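Colleague: Have a look at the structure that comes next, please.
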Amino acid sequence: LGEIPVGTMIEAGGYLLIGDEQVSGDLGVEPDVIMSMSLGNAGSNAEGIRIVDCNEPSIDTVIYGEPLNESDGWRDDFGNVPTSFAPKPRSGQSTGRVPNGSDSDDSGIDFALLDFTSPWGANDAIQSCDGATDIKINEFMPNPDSEESSADETNEWVELYNNSSLEVDLSGWALQWGTSSYGSEFVIPQGTSIAPNSHILIGGENVEGADVVVPEEDDLSMGAASSNADALRLLHCGPGVADTVIYGPSDDDGIAENTDEWEDDGGNIAVSIAPKAVAGISISRRKDGQDSDDSGSDFMLSIQSTPGEANPEVECQSGTGTIKINEIFPNPDGTDGGSEWIEFYNTGMQAVRLDSWTIETASSSWSSRYSFPAETIIEPQSFLLLGEELVPLEVVDLTTTSSLSLGNASTGLDGVRLKDCPGEVEDTILYGKGGAVASSDEVTFYDDDGGESFAIFPDSGLSIGRYPDGEDSNDNRADFQSNMQPSPGIENIENASDNDENINPEVPSKGCGREPSGGDSPSKCSYVYGIPNAVWLSFLFVWFRRRKN
């Protein structure tokens, strides 16, 4: 790499730091020797660094990274092909001897990964910092608006919570985040503190009420973790890790899609992670500051974003199999957006709280769409209707401003499932068009019995529903009728026609069963969002009469 300048000394028991010209910006002080460096990252092969004296004999050698072949040419201090290697550091990590200066000429034994650099200090020194175990990442918004990625800029935020009874100085603490490694960092400014049992909001320039404003050039830019886990962590002044959140998708068994092998605060590769980001919905702790070092247990999609304020406290109940997806409306007349709804039915004899229970929908994979607010209760033998914004308030019990994204089963099977607060599947419906292939090489969905039974996708303006209400044999084809007259929030109406007629339905050449005509010419049918107004009026008349009875 270069030659150490004449006259350079290293004291007995002392250190000499050689660094590139930009190192001072990270350390805040100048290295002892500035030298242009190009150390390899050992991405696919082993890399090495060594010291040679003025007569060129090797004084010390470190080979780090992946095992190598003899043809790679690396040799240890004895001229042998090495069989033991120092670990390969990830972004932000260093590789160091532990303890300092230990040398058995076996790189794998002598060196360890260090999460934090320790220039001019002992590699195994215990780092300490007031409040290091008390300050937690409490809530964060990594995806303000996925529909328009530019809308995320300067709108992301992170809320911290102080679990202690003392004020904590956060000067020099830092947030780090990344999609495959911790590649970005924001250092909390000097003079920033957090009061006891209180919150502090760190956000971009467009975040209203932020206590610490992140300049646009240091924009948070957290990942949305759409296909693989992303991570966010808080570093204390030790330096050291105060808190870590890993979030993203998980498979049907709840195992994290964590191919980058993000580690939790216990130093273990995380297998249980917080849910992946949904546009406009924050990820928050179930209870302020409560931390088990398991992101999957501690965090949920927020039932109500509360930047800088207390999170709604959740009573987390396990399901007992009594709450059923009773009816769905995936194919409103005209444009689906804003008019889809899901009806639930409590078949049991006890009321059930749905705090933090979640709705997931699937086309190519399962994705979280909604989390029930705290104190949501469904009474025994009763219905609860969740609808999008255009569903009339007279019918709906809960309205979601985001899309439920009930698919139209255009390429195979789509599905809806309900998970309880601990994350176990309570009920599932799969549906598809007549002749659909239940599974493919790319994706397989299963019903609650481990099979691939599915209900038939309905015609425009009609629903899929259980008959009788709550009937569940875990066979979707047997339990659900298609092309039902929608009955949101009340008893389902038996479909007089046999579902087998819907497997290969005739497509009318004219009339209201066909698609809206193209161009500017008016259609003979009334295509509006959701159920047409006249139908809603007729339905509401029946609905009020039946509810009074």
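Colleague: Hydrophobic (A, V, I, L, M, F, W, C), open to solvent by less than 40 Å² (accessible area, probe 1.4 Å) and assigned to a loop (DSSP other than H, G, I, E, B), is that true of ILE246?
Modeller: Values: hydrophobic (A, V, I, L, M, F, W, C): yes; open to solvent by less than 40 Å² (accessible area, probe 1.4 Å): yes; assigned to a loop (DSSP other than H, G, I, E, B): no.
In short, no.
Colleague: Being assigned to a loop (DSSP other than H, G, I, E, B) and open to solvent by 40 Å² or more (accessible area, probe 1.4 Å) is the filter here, so list the residues in segment 287-307 that pass it. Step through it out loud before you land on a result.
Modeller: So the first thing to find is which residues in segment 287-307 are assigned to a loop (DSSP other than H, G, I, E, B), and the list is 287-294, 302-307.
If the condition is that a residue be assigned to a loop (DSSP other than H, G, I, E, B) and open to solvent by 40 Å² or more (accessible area, probe 1.4 Å), then LYS287, GLN290, ASP291, SER292, ASP293, ASP294, GLN304, SER305, PRO307 are the ones that fit.
Colleague: Sticking with this structure for a sec: Is segment 260-274 home to any residue that is in contact (Cβ under 8 Å) with a residue 24 or more places away in the chain and within 18 Å of HIS199 (Cβ to Cβ)?
Modeller: Scanning segment 260-274 turns up no residue that is in contact (Cβ under 8 Å) with a residue 24 or more places away in the chain and within 18 Å of HIS199 (Cβ to Cβ).
Colleague: Ok, one more. Scan (1) open to solvent by less than 30 Å² (accessible area, probe 1.4 Å); (2) assigned to a strand (DSSP E or B) for the single condition GLY238 breaks and write down its number.
Modeller: Of everything listed in (1) open to solvent by less than 30 Å² (accessible area, probe 1.4 Å); (2) assigned to a strand (DSSP E or B), GLY238 misses just condition (2).
Colleague: Now a separate question. Anything in segment 228-256 that is touching a Gly at 6+ places or on another chain (Cβ under 8 Å) and at pLDDT below 90? List them, or say none.
Modeller: CYS237, SER250, GLY254, ALA256
Colleague: Conditions: (1) more than 20 Å from ASP333 (Cα to Cα); (2) out of contact with any strand residue (DSSP E or B) (no Cβ under 9 Å at 6 or more places or on another chain); (3) in a loop (DSSP other than H, G, I, E, B). ASP447 meets all but one. Number of the miss?
Modeller: Condition not satisfied by ASP447: (2).
Colleague: A follow-up question, please. Against the definition (open to solvent by less than 60 Å² (accessible area, probe 1.4 Å), more than 18 Å from SER250 (Cα to Cα) and either assigned to a strand (DSSP E or B) or not hydroxyl-bearing (Ser, Thr, Tyr) (or both)), how does VAL416 come out, yes or no? Explain how you work it out, then say what you get.
Modeller: Details: open to solvent by less than 60 Å² (accessible area, probe 1.4 Å): yes; more than 18 Å from SER250 (Cα to Cα): no; either assigned to a strand (DSSP E or B) or not hydroxyl-bearing (Ser, Thr, Tyr) (or both): yes.
It is false that VAL416 is open to solvent by less than 60 Å² (accessible area, probe 1.4 Å), more than 18 Å from SER250 (Cα to Cα) and either assigned to a strand (DSSP E or B) or not hydroxyl-bearing (Ser, Thr, Tyr) (or both).
Colleague: Being within 15 Å of MET222 (Cα to Cα) and not in a loop (DSSP other than H, G, I, E, B) is the filter here, so list the residues in segment 258-283 that pass it.
Modeller: ALA274, VAL278, ILE281, ILE283
Colleague: Follow-up. Could you please let me know if THR401 is polar (S, T, N, Q), modelled with pLDDT under 90 and under 23 Å from the mean Cα position of the chain (by Cα)?
Modeller: yes
Colleague: May I ask you to verify whether ALA225 is in contact with a Lys or Arg (Cβ under 7 Å, 6 or more places away or on another chain) and not in a strand (DSSP E or B)?
Modeller: Numbers: in contact with a Lys or Arg (Cβ under 7 Å, 6 or more places away or on another chain): yes; not in a strand (DSSP E or B): yes.
Considered against the rule, which asks whether it is in contact with a Lys or Arg (Cβ under 7 Å, 6 or more places away or on another chain) and not in a strand (DSSP E or B), ALA225 comes out as yes.
Colleague: Any residue at all in segment 114-122 that's surrounded by fewer than 19 Cβ atoms within 10 Å (Cβ to Cβ), touching a Ser or Thr at 6+ places or on another chain (Cβ under 7 Å) and farther than 23 Å from LEU170 by Cα? Working first, answer last.
Modeller: Applying the first criterion (surrounded by fewer than 19 Cβ atoms within 10 Å (Cβ to Cβ)) to segment 114-122 yields 114-122.
With the extra rule that they be touching a Ser or Thr at 6+ places or on another chain (Cβ under 7 Å), the set shrinks to 114, 117.
Those left that are additionally farther than 23 Å from LEU170 by Cα: none.
The answer is no; no qualifying residue exists.
Colleague: With the requirement that a residue be closer than 16 Å to CYS421 by Cα and open to solvent by 10 Å² or more (accessible area, probe 1.4 Å), what does segment 335-354 give you?
Modeller: Selection gives ALA351, VAL352, ARG353.
Colleague: If we scan segment 21-33, do we find a residue that is touching a strand residue (DSSP E or B) at 6+ places or on another chain (Cβ under 7 Å) and at pLDDT below 85?
Modeller: Scanning segment 21-33, I find at least one residue that is touching a strand residue (DSSP E or B) at 6+ places or on another chain (Cβ under 7 Å) and at pLDDT below 85, so the answer is yes.
Colleague: Cβ contacts < 6 Å: first residue in a loop (DSSP other than H, G, I, E, B), restricted to segment 102-131; second residue of a type in the set (Phe, Trp, Tyr), any location; separation 6+ or different chain. Result?
Modeller: These pairs meet every condition: TRP120/TYR15.
Colleague: Now for a different question. Against the conditions (1) touching a helix residue (DSSP H, G or I) at 6+ places or on another chain (Cβ under 7 Å); (2) farther than 17 Å from GLU327 by Cα, where does LEU430 fall short? Just the number, please.
Modeller: (2)
Colleague: For the subset of segment 209-235 comprising residues that are hydrophobic (A, V, I, L, M, F, W, C) and closer than 27 Å to THR361 by Cα, which member is surrounded by the most Cβ atoms within 10 Å (Cβ to Cβ)?
Modeller: Kept after step one, since they are hydrophobic (A, V, I, L, M, F, W, C), are these residues of segment 209-235: 210, 212-214, 220, 222, 224-225, 229, 231-232, 234-235.
Filter once more, so that each one left must be closer than 27 Å to THR361 by Cα: 222, 224-225, 229, 231-232.
Working: MET222: 25, ALA224: 19, ALA225: 23, ALA229: 25, ALA231: 28, LEU232: 25.
The residue in question is ALA231.
Colleague: I would also like to ask the following. Name, by its number, the condition in (1) in a loop (DSSP other than H, G, I, E, B); (2) surrounded by 17 or more Cβ atoms within 10 Å (Cβ to Cβ); (3) under 27 Å from the mean Cα position of the chain (by Cα) that does not hold for ASN408.
Modeller: Of everything listed in (1) in a loop (DSSP other than H, G, I, E, B); (2) surrounded by 17 or more Cβ atoms within 10 Å (Cβ to Cβ); (3) under 27 Å from the mean Cα position of the chain (by Cα), ASN408 misses just condition (2).
The values are calculated or read from the model by the stated rules, or taken from the named source; none is laboratory data. Predicted, not measured: the structure shown is a model, and the values here were computed from it. Positions of Cβ are backbone-derived with ideal geometry, glycine not excepted, and every protein chain shown enters the neighbour counts. We work out accessible area using only protein heavy atoms, side chains counted, and drop any ligands, DNA or RNA first. Shrake-Rupley method; radii C 1.70, N 1.55, O 1.52, S 1.80 Å.
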